[in-house]
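The values are calculated or read from the model by the stated rules, or taken from the named source; none is laboratory data. Being a predicted model, the structure only gives us computed values, none of them experimental. Glycine gets a Cβ as well: all are built from the backbone with ideal geometry, and neighbour counts include every protein chain shown.
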Amino acid sequence: MQKSFNSFEVVDEQIIIKRIDKSLLTYGEIRIPNYLRDFFHFHEMEKHDRWDITIHYNKTEFYGVLYLDDYKRLRGKLRWGKDLTRELSNVTAKYVFESYGYEIREESTPLLRLEKIDRKTFNADIIFPEDVERDAREYMLHADKFIYGVKARFENDPDIRMKVLKLKGMSCAICGFNYENYYGDVARGYIQIHHIIRDENHMEEYDIEKDFIPICENCHGILHRNKENNLSVSELKQIIKLRHELRKTEKE
């Protein structure tokens with residue numbers, strides 16, 4: 001259900017994408033257009049309400065506020081503090097401000113992905129379109145022997161990768177690993193994509209939500225390790241869960 005409205009894109013009922021711009025980095029706020037009022041539950045707010053919210057980004061909790069600045073039209077703002085603005089600016093400013101000497105191109109502008117956990121809690125990711133495209137090209141050049149044919153083409157198609165990351169974020173869907181959180185800016189925007197093949201007779205047909213997940217190299221390698229008897233995503237998740245429980249028991 002991906003729909004675009006100016007600098008916003010509605011991915012589904014829980015996720016929106018905002019193209020990062022000068023206003024966002026300068027003032028630390030987003031003006032919420034009328035068509036997103038239900039996403040932010042503005043219809044539940046009274047005239048002078050200010051909701052304190054939590055934004056999780058890069059393994060850190062940041063605090064912000066949602067409020068209406070036009071009660072009659074149910075239009076409002078999402079504002080956060082200087083600490084989150086600084087974090088976002090550190091990795092995106094060169095794509096937005098001409099003073100950095102970087103060629104400003106709309107298609108390269110980073111995207112802020114907001115996933116709503118509840119009406120006052122959000123997870124945030126930054127997606128870098130040029131990194132998505134570059135990684136797709138590089139991965140095809142160095143794809144291992146387990147990745148082949150239609151599967152490789154889909155997993156490394158820039159358009160498919162972008163849709164998957166917008167929908168599912170930048171962390172491994174199996175173990176939760178996030179490259180940027182662990183390695184810092186050098187791993188910014190890096191993650192692989194796994195194509196879940198449900199029917200080998202219809203591999204050219206796919207569903208972004210059901211057939212693809214973001215995945216770290218470790219989990220991806222394990223899924224493909226035994227070509228004759230590949231593990232499923234749910235099986236590998238269960239293995240990791242059991243290992244965590246075992247280690248927890250041993251520590252106790």
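Observations on the structure shown:
- Considering the stretch 111-157, and only residues there that are at pLDDT below 65 and surrounded by 14 or more Cβ atoms within 10 Å (Cβ to Cβ), the residue that is nearest to ILE53 (Cα to Cα) turns out to be TYR139.
- Every condition in (1) of a type outside the set (A, V, I, L, M); (2) at pLDDT below 90; (3) assigned to a strand (DSSP E or B) holds for LYS47 except the one numbered (3).
- Among the residues listed as GLY189, GLY184, the single one being modelled with pLDDT under 90, under 27 Å from ARG113 (Cα atoms), in contact with a Leu (Cβ under 9 Å, 6 or more places away or on another chain) and not in a strand (DSSP E or B): GLY189
- Test result for ASN201, assigned to a helix (DSSP H, G or I), of a type in the set (S, T, N, Q), over 17 Å from ARG161 (Cβ atoms) and modelled with pLDDT under 90: yes
- Matching residues in the stretch 16-46 - criterion: being touching a helix residue (DSSP H, G or I) at 6+ places or on another chain (Cβ under 8 Å) and farther than 22 Å from SER89 by Cα: ARG37
- Failed item in (1) more than 17 Å from the chain's Cα centre (by Cα); (2) exposed (fewer than 15 other Cβ atoms within 10 Å of the Cβ); (3) assigned to a helix (DSSP H, G or I), with ASN229 passing the rest: (3)
- Flag for ILE160 being farther than 27 Å from LYS18 by Cβ and either modelled with pLDDT under 65 or in contact with a strand residue (DSSP E or B) (Cβ under 9 Å, 6 or more places away or on another chain) (or both): no
- Selection of the stretch 224-248 for residues being of a type in the set (Asp, Glu) and within 16 Å of ILE196 (Cβ to Cβ) yields only GLU235.
- Within the stretch 195-212, residues that are under 13 Å from VAL233 (Cβ atoms) and in the same structural domain as MET162 (by TED's automatic domain parsing) sit with their Cβ atoms under 8 Å from residues that are among the aromatic types (Phe, Trp, Tyr) and at pLDDT 90 or above, at 6+ positions apart or across chains, in these pairs: HIS195/PHE212; ILE196/PHE212.
- Breaking point among (1) modelled with pLDDT of 85 or more; (2) in a loop (DSSP other than H, G, I, E, B), for TYR206: (1)
- Contact map, the stretch 6-32: first residue without any contact (Cβ under 8 Å) to a residue 60 or more places away in the chain, second residue of a type in the set (Asp, Glu), Cβ cut-off under 7 Å, separation 6 or more or different chains; pairs are SER7/ASP21.
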